[in-house]
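Here's the structure, in structure tokens; my notes come after.
The values are calculated or read from the model by the stated rules, or taken from the named source; none is laboratory data. If you're wondering where the values come from, they're calculated on a predicted model, not measured in any experiment. Every residue, glycine among them, receives a Cβ derived from its backbone with ideal geometry; neighbour counts consider all protein chains shown.
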Amino acid sequence: MRTGVVMMYVIVGVSDLAIFGIIALSMGWFSLFGLRISYINVNAPYVALVPTGEMVSINGQPYPVVDVMYYDLNGGLHDLGQFVLGGTDGQYLLQQYNEMQWLNAQNAGQINPYNGQPFVPLSLFYLIGAGDMGKQGVVTLPIENVTINGQQYPVIDSNLINQGYVAGLYTYEPWINNIVKALDTNQATSENLLAGLPIFNWENVTGTVAGEILAYQLQVINFNGGYILVLSNGTVIPYGATAQPRGLTNLKVSGNSYLG
């Protein structure tokens, strides 16, 4: 198993935070960088953090830049802009992103042994679920505004987020928005993806991704747990989970295996 890779992020600026239908509350305590914390409360079951492949160095420590987004109950997309993910989860995401890039490079041009179809690259993202700090149905993001060389960076302090409400997932990149939308609008259930199921023989991208999810678990220790998200319209989306963070039991995996 491969557990470490060379950092692949580059340092760039972070765009201004765009606020859509959220409430920022100033609080009077300090945390990761010794700065005042503000909270952004998002009225949604889940908020997604999607790595951009960029990094910001703060006090000599690299942290990943993420796009933050969610869907309202009507299925409308809300893009909150780019943030830096600080704290322990930021370090997890940085390592896992690099490992995912390494796996994608190693498998490029290969043929999936299960269904005979070409390899497709997978992508990683994090979900933060509602319920932290007693606010059911509200995702709370603790924010510090860090200034470096005259530029301000909004940093999500993951150390102030209950780890029971954070999960790392990976799947085919074009499906990330579909997963977040289905979860935020309560239009999906999750089932186990186990070896030997018919889905691995499907001669389409769904079958290919299902096989790759299991294969990646054998190559990198940080990736484990295969699942199928079953949407209300019958669409199925295979996804894997990271070893850490591994919260969000409220994804409600049924305990059943997907039989197709």
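Any residue at all in segment 86-109 that is in contact with a Phe, Trp or Tyr (Cβ under 9 Å, 6 or more places away or on another chain), closer than 28 Å to residue 199 by Cα, among the aliphatic types (A, V, I, L, M) and assigned to a strand (DSSP E or B)?
No, segment 86-109 has no match at all.
Applying the selection to segment 110-134, what residues are part of a helix (DSSP H, G or I) and either more than 22 Å from residue 168 (Cβ to Cβ) or modelled with pLDDT of 95 or more (or both)? Steps first, please.
First, pick out the residues of segment 110-134 that are part of a helix (DSSP H, G or I): 132-134.
Passing the criteria: only 134.
Listed here are the residues, each with its yes/no results for (1) farther than 21 Å from residue 247 by Cα; (2) under 18 Å from the mean Cα position of the chain (by Cα); (3) not aromatic (Phe, Trp, Tyr).
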position	(1), (2), (3)
96	no, yes, yes
103	yes, yes, yes
116	yes, no, yes
121	yes, yes, yes
148	yes, no, yes
163	no, yes, yes
184	no, yes, yes
191	no, no, yes
198	yes, no, yes
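Residue 154 versus (1) surrounded by 18 or more Cβ atoms within 10 Å (Cβ to Cβ); (2) assigned to a helix (DSSP H, G or I): which is the lone unmet condition?
Failed condition: (2).
When only residues in segment 37-65 that are within 20 Å of the chain's Cα centre (by Cα) and of a type in the set (Gly, Ala, Ser) count, which is surrounded by the fewest Cβ atoms within 10 Å (Cβ to Cβ)?
Checked segment 37-65; the qualifying residue surrounded by the fewest Cβ atoms within 10 Å (Cβ to Cβ) is 53.
State all residues of segment 184-199 that are in a loop (DSSP other than H, G, I, E, B), small (Gly, Ala, Ser) and in contact (Cβ under 8 Å) with a residue 12 or more places away in the chain; if no residue qualifies, say none.
Selection gives 195 alone.
Any idea which of (1) within 16 Å of residue 156 (Cβ to Cβ); (2) touching a residue at least 60 places away in the same chain (Cβ under 8 Å); (3) touching a helix residue (DSSP H, G or I) at 6+ places or on another chain (Cβ under 9 Å); (4) not in a helix (DSSP H, G or I) is the one residue 68 doesn't satisfy?
Result: residue 68 passes all but (3).
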